[in-house]
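**Q** Sharing a structure below in structure tokens format, with a few things to ask.
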Amino acid sequence: MTSSTPQRTNPLHLVAAFGSGCLLTLAIFINGEAGRYGGALFSSWIAHTVGTVVAVILLALIWRRQRAEAQTATVTYGQPPLWSYLGGVCGAVTVMLTSTAVNSPLALAGTLALGLAGQVVLSLAADFWGLLGLPRRRLDLRDAGAVILIAAGSLLIILFGLGAA
Amino acid sequence: MILPIVAAFAAGLLVILSRQVNGRLSLSTTPMISSFWNHIIGAVVLTVLGLALGNFIPADIATFPWWIYLGGAIGVVFVASGSWLITRIGAVNSTLLVISGQMVSGVIFDLVRGAPVTVWASALGVLLIIAGMALTQRSR
């Protein structure tokens, strides 16, 4: 895909993404507790196993619509490349890396801050070059401003806000 | 010290890589179907790893609180929403807005459960984040 689509963010996207971030806080807390009881590998394994079962149940409930939607999507975008089924491998590796980092002198704050840097760097590159079959997106000053403000705010919270100073 | 730094940074890269890969699968299928594949492949990889390392299922699993199993259910919705978002607003906007939600809810969560929070830094951080979120809504 080489087109540079002017994808604009509307309030529905904002609410959905913000809500998704709230869910992430909850999931990280719960999986962290699961890790405290049974270790990092167990925590990630149980999250992925329960997740598989829940995904099957949800898909079964709405299968007719999902199948129709998927068929239309395949006609539009073609068969998915084989590598696109491997997103789950990333998730499994992420858990190992994170638990290595958290249990080092970096602790939770350092791990979060560096992870945030990694996320920002790769998403800038992904939009700029249109990596991995997703559309390229023109980046402008507005994007730079949003990156700087949100990264600065997040680092302030991670490094100074959480935990007593 | 260099190893944990690389590990933490790489973990951030992988968060985006998986959203990008799942997003590509969702283009040709649906975000829910993509989330299903993400979880089953992850479960298979972790099961193989667990079996290789041995006894990864704790013996006292029956005594764990019931709600530790909810993380996976939330994860399914989270991964599906990530695919839905990245194919609509791109990687940078998805990353920024999800992080915003995570940070602001994290501060509220810690305040509610009485964990220590440094108010000035958290409040200033939330303000900067809200300003950044407003910028993502400005038309060009």
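**Q** Regarding the stretch A:8-80, what's the average projected area of the Cα-atom convex hull, expressed in nm²?
**A** One quarter of the hull surface, i.e. the mean projection, equals 7.2 nm².
**Q** Something else about it: Go ahead and estimate [θ] at 222 nm for chain B from helices alone: -39,500 (n - 2.57) per DSSP H run with n ≥ 4, summed, over the residue count, rounded to 500.
**A** -28500 deg cm²/dmol
**Q** If you don't mind, there's one more thing I want to ask. Charges at C-beta only: +1 for Lys and Arg, -1 for Asp and Glu. How large is the resulting dipole of the protein assembly as shown about its Cα centre, in Debye rounded to 20?
**A** Charge dipole of the protein assembly as shown: 800 debye, to the nearest 20.
**Q** What is the spin-label model distance, in nm, from A:Leu61 to B:Ile130 if the labels are put 7 Å beyond Cα along the C-beta direction?
**A** Going by the 7 Å Cα→Cβ label model, 3.4 nm.
**Q** Contact order normalised by length for chain A, with contacts defined as Cα pairs under 8 Å and 6 or more residues apart; what percent is it?
**A** Relative contact order of chain A: 32 percent.
**Q** On to the next question. Could you check how many percent of all C-alpha pairs in the protein assembly as shown are farther apart than 31 Å?
**A** It works out to 27 percent of all Cα pairs.
**Q** Percent of Cα-Cα pairs more than 25 Å apart in the stretch B:2-137, please.
**A** Result for the distance tail: 46 percent.
**Q** Which whole-number value in Å³ per residue fits the convex hull of the alpha carbons of the stretch A:106-159?
**A** Hull volume normalised by residue count: 69 Å³.
**Q** Okay, moving on. What do you get for Rg/Rh over the stretch B:13-82 if you use C-alpha atoms and the Kirkwood form of Rh?
**A** With Rg and the Kirkwood Rh in hand, the quotient comes to 1.06.
Read-outs throughout are calculated quantities, based only on the coordinates presented, and are distinct from any laboratory measurement. Quick caveat: nothing in here was measured; it's all calculated off a predicted structure. Quick reminder, even Gly has a Cβ in these numbers, built from the backbone with ideal geometry, and neighbours come from all protein chains shown.
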